[in-house]
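Step one of this worksheet: look at the structure below.
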Amino acid sequence: MKRNLFFAATMLLAVAVSCQKAEPLAETDAANAALTRAYDMTPKITIYVETNDVNPLNAGDYLLSDGTPYASIVELFASNIHAETVGGIVRPTLYLNDKMTNLLENGGTEKYIKPLQDKGIKVLLTVLGDWAGIGLANMNDTQAEQFAKILAYAVEKYGLDGIGFDDEYANYSTALVRGSFGNIITKLHGLMPADKLITVFQYGNCGASQIDAAAGALIDYAYTNFTPLNESIGIAGVTKAHYAPIAINLGTAYSSLTIRRYGANTKTITNAGYGAIMHFNLRTTSDVNSTSLFSTIATNAYGQTVTCENGNRPQDWTFVPGGFTISIDDVQ
């Protein structure tokens with residue numbers, strides 16, 4: 001009898017102790033879940049930051065009611081496609097301009113990228129043409145292979161979450177190569193870990209001659225050109241779940257009427273199962289305060305509101321004259 005009483009008392013004590021120990025674990029799990037929700041929200045919010053004059057950390061200052069970030073993805077706009085000639089052969093390079101360089105080099109990732117990632121935000125490097133005569137739409141297979149390797153190398157080197165493509169300003173000096181853009185996407189997808197992202201701004205050479213359905217199916221998110229609502233997906237292989245039919249230019253202040261319209265459109269695309277909403281050119285709150293717009297979108301997408309912790313973080317890194325170039329030689 002005493003043995004049974006002792007056993008029962010021991011079991012009760014063990015249960016009490018285990019319950020006491022479980023509480024911190026539950027808190028940790030809740031915190032981890034909150035970080036996961038920052039990217040798992042649908043539709044996902046993408047915010048492009050013009051790094052020539054805006055601190056990317058500002059994008060992480062906008063928080064939903066539950067404390068998770070408003071942004072799911074932050075795109076650093078932008079690195080550039082340049083070229084070099086070696087032994088008479090033109091090879092693509094990736095160029096970080098004088099203002100972009102120290103966001104990634106010389107400890108920049110620890111200060112400007114990792115804090116966003118620690119909040120659960122995915123940080124991508126946007127790739128853009130730069131009047132160099134070479135771009136996403138005119139690379140031969142060798143050049144596409146080289147450029148994909150350079151991009152995968154940059155993602156690993158800087159601890160980024162993927163690459164965003166924008167086919168503008170290339171000033172193509174040679175004939176377009178059919179399928180070049182899609183070839184780069186396919187090769188890059190094969191070189192990066194499975195959890196890395198590829199996005200495409202639906203502008204420029206995104207037609208079937210450049211991105212076929214097989215390559216389009218590898219795009220995580222395709223963004224429409226600037227419009228309050230465009231449900232027409234212009235890239236083969238991209239489904240509604242991987243498409244942003246709303247693309248907002250944050251460089252201008254919007255009236256309350258326009259903000260309400262964006263809210264209504266957000267409800268429409270959320271109910272229809274579209275995957276993302278794109279915001280371009282985040283400004284500081286002292287320049288253009290987008291909190292009301294963000295809050296209206298969040299209300300219609302998630303049933304939450306948005307507040308801003310700061311939004312006026314300065315451009316406080318030093319510029320590097322001449323910038324920084326990554327070539328295929330750096331990769332090999």
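So here's what we get for this one:
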| read-out | value |
| --- | --- |
| Ranked packing of 259-266, 221-228, most packed first, by mean Cβ within 10 Å | 221-228, 259-266 |
| Proximal lysines relative to LYS267, as straight alpha-carbon distance under 30 Å, when same-chain residues fewer than 8 apart are discounted | LYS44, LYS119, LYS122, LYS196, LYS240 |
| Contact order normalised by residue count of the chain, Cα under 8 Å, 6+ apart, percent | 21 percent |
| Two-decimal ratio, region 199-241, of alpha-carbon radius of gyration to 2.2 N^0.38 Å | 1.04 |
| Between helix 2-40 and the chain: long-axis angle, C-alpha atoms, 0 to 90°, nearest 10 | 20 degrees |
| Peptides ranked, highest mean first, by Cβ atoms within 10 Å: ranges 297-303, 140-146, 78-84 | 78-84, 297-303, 140-146 |
| Listed peptides 91-97, 165-171 by packing density, highest first (mean Cβ within 10 Å) | 91-97, 165-171 |
| Stretch gain in nm, segment ALA213-ASP329, where the contour uses 0.36 nm per residue and the Cα spacing is subtracted | 38.6 nm |
| Principal axes of region 169-302: Cα extent on each, largest first, Å | 45, 34, 28 |
| Förster-model FRET efficiency, 35 Å R0, THR142 and LYS111, C-beta, rounded to 0.05 | 0.45 |
| Solution diffusion estimate, µm²/s, Stokes-Einstein, the chain, Kirkwood Rh from C-alpha pairs, 20 °C, viscosity 1.002 mPa s | 101 µm²/s |
| Tilt relative to the chain, helix 256-272 - C-alpha long axis, 0 to 90 degrees, to 10 | 80 degrees |
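Any read-out appearing in this document is the output of simple, stated calculations on the displayed coordinates, not a laboratory observation. Being a predicted model, the structure only gives us computed values, none of them experimental. Cβ atoms come from the backbone with ideal geometry, glycine included; neighbour counts cover every protein chain shown.
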